[in-house]
Amino acid sequence: MKKVATINTAGSTVTNKLPFELKDRPQPLTDAQELSLHRRLQGSLVLAQLINRFHSWLEEHLPCSGVEYVYPDERIKLASGEARRHNAHYVLRLEQRYLGEVTVNGQQRLTESNLFVVEQAMGVLVHCIQNALDHLALEKVAYHDSLTGVMNRTALDELLPKEVDRAQRYGYQMSVAMIDIDHFKSVNDQIGHLGADEVLRLVSSAIQNQLRSSDLTFRYGGDEFLVILPGTNLDGARTAAGQILKALGNKELEAQGHRVTPQLSIGVASRLTGESSKELLQRADLALYQAKEAGRNRIC
């Protein structure tokens, strides 16, 4: 069984709702039930937690086997519990704003009374999801560079010490690569600020396209990037840096009547036992300086 519904600010609107006898009319949630749901969901702006808590609440009130949430705009797909053949699908909107879609799975066929409970509960969930998505958008602005789309220095200062601590705690290797665009000032003088912005976006894209999903890319400064490579030794970091150089080798950009092929100097360093994040960065920075001194467009 599959139902499609749209939840909006006026309440629940369900398409193709089956008729029911007056004596079987579903009962609305009691004030206590609605309050318990509010309490279950409040205090979290993390979407995964909201879906897990919503699922746990539904389990207490009807035969719910699982809840799935998708938000294609941000490629978010979350699930709590198990998917089953019986389900009801809901499109969430507030004031015409699309907030994703929720599928509630049932261990058995969901009755009209079950669906009535779900629809009312969705009216509570949708406001919490809106707050969580707004918080996610603010985090993205705070921790991401608006020009290149990679994470910024603020995010690096927060995440690098955590990655170093994690590597120390679990005894795995990690490396970093510090990347600088060669002669960027000259490039900027040749093709102007808008052209230079395109170069930064081109380099950022080339870096990210060569990395694993577990690797983290940051804009470290004006024309510098830093990549954290978890679970990677020095040879692996050098290989990753080489792939970035190779990917950028045939990239050409034209602006202000000039053709530019960006080149990079890269310094790589692998974390030593007991080394702090600051010390690791200093060694990567030294390796980058050596790459520049050795003629640029190379890895040290």
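The values are calculated or read from the model by the stated rules, or taken from the named source; none is laboratory data. Model, not experiment: these values are computed from the prediction. All Cβ positions, glycine included, derive from the backbone under ideal geometry; neighbour counts span all protein chains shown. The area values use the complete protein model at the heavy-atom level, side chains included, leaving out ligands, DNA and RNA. Shrake-Rupley method; radii C 1.70, N 1.55, O 1.52, S 1.80 Å.
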Among (1) farther than 19 Å from Asp134 by Cα; (2) touching a residue at least 12 places away in the same chain (Cβ under 8 Å), there is one condition Asp73 misses while meeting the rest; what is its number?
(1)
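Results for (1) open to solvent by less than 50 Å² (accessible area, probe 1.4 Å); (2) touching a residue at least 60 places away in the same chain (Cβ under 8 Å); (3) more than 17 Å from Lys251 (Cα to Cα); (4) part of a helix (DSSP H, G or I), shown as yes or no for each residue.
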position	(1), (2), (3), (4)
Ala155	yes, yes, yes, yes
Asp165	no, no, yes, yes
Tyr172	no, no, yes, no
Val176	yes, yes, yes, no
Ile179	yes, yes, no, no
Val199	yes, yes, no, yes
Ala206	yes, no, no, yes
Result of the Cβ filter at 7 Å on region 96-108, keeping first residues that are in contact (Cβ under 8 Å) with a residue 12 or more places away in the chain and open to solvent by 10 Å² or more (accessible area, probe 1.4 Å) and partners that are outside any loop (DSSP other than H, G, I, E, B) and among the acidic types (Asp, Glu), at least 6 apart or interchain, is Thr103/Glu68
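Filtering region 245-261 down to residues that are farther than 14 Å from Cys300 by Cα and assigned to a helix (DSSP H, G or I), which residue is least open to solvent (accessible area, probe 1.4 Å)?
Result: Leu248.
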Here is a check on your reading of the model: is Asn114 of a type in the set (S, T, N, Q) and assigned to a strand (DSSP E or B)?
no
Select from region 178-193 the residues that are modelled with pLDDT under 90, touching a strand residue (DSSP E or B) at 6+ places or on another chain (Cβ under 8 Å) and either within 27 Å of Leu286 (Cα to Cα) or aromatic (Phe, Trp, Tyr) (or both) and list them in ascending order.
Val187
Run Ser113 past the list (1) crowded, with 19+ Cβ neighbours inside 10 Å; (2) under 22 Å from Gln33 (Cβ atoms); (3) not basic (Lys, Arg) and report the number of the one that doesn't hold.
(1)
May I ask you to say which residue of Thr232, Thr217 is in contact (Cβ under 8 Å) with a residue 12 or more places away in the chain, in a loop (DSSP other than H, G, I, E, B) and either closer than 16 Å to Asn297 by Cα or polar (S, T, N, Q) (or both)?
Thr232
Give the residues of region 77-90 that are modelled with pLDDT of 95 or more and aliphatic (A, V, I, L, M), sorted by residue number.
Leu78, Ala79
Residue that is aliphatic (A, V, I, L, M), touching a strand residue (DSSP E or B) at 6+ places or on another chain (Cβ under 9 Å) and open to solvent by 60 Å² or more (accessible area, probe 1.4 Å), where the choices are Leu281, Leu264, Leu286, Leu272:
Leu286
Of all residues in region 153-209 being in contact with a Leu (Cβ under 7 Å, 6 or more places away or on another chain) and among the acidic types (Asp, Glu), the one that is nearest to Phe225 (Cα to Cα):
Asp180
List pairs: first in region 25-52 and farther than 18 Å from Val118 by Cβ, second of a type in the set (Gly, Ala, Ser), Cβ under 6 Å, 6+ apart or cross-chain?
Leu45/Ala132; Leu47/Ala132
Output the residues belonging to region 112-141 that are at pLDDT below 90 and of a type in the set (A, V, I, L, M).
Leu136, Ala137, Leu138, Val141
